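Only one structure is covered here, and it is reproduced in the block below.
What follows draws every value from the coordinates through simple rules; no lab data is involved. Computed from a prediction, not measured in an experiment: that's the story for all the values here. So basically every Cβ, Gly included, is an ideal-geometry build from the backbone, and we count neighbours across all protein chains shown.
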């Protein structure tokens, strides 16, 4: 039977420590939640947050391309 730690298996697979992975995931959560709220507001008030979501998605794409290149993280 393989001895694995469910808390560190995925972070190790993407070459991060548990703490690095936690901080990265929290950053992603903050940015994506800001997009959710901005998009909800923009739906009813189209003059607000005109570029927020698209700009943030481009920023996140750059972060992932820099981190993982053309190969998406597995696991």
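When the residues of region 10-36 are narrowed to those that are more than 16 Å from the chain's Cα centre (by Cα) and in a helix (DSSP H, G or I), which ends up surrounded by the most Cβ atoms within 10 Å (Cβ to Cβ)? Applying the filter and picking the extreme gives 12.
For region 37-53, the set of residues classified as surrounded by 11 or more Cβ atoms within 10 Å (Cβ to Cβ) and part of a helix (DSSP H, G or I) consists of 37, 38, 39, 40, 41, 42, 52, 53, listed by residue number.
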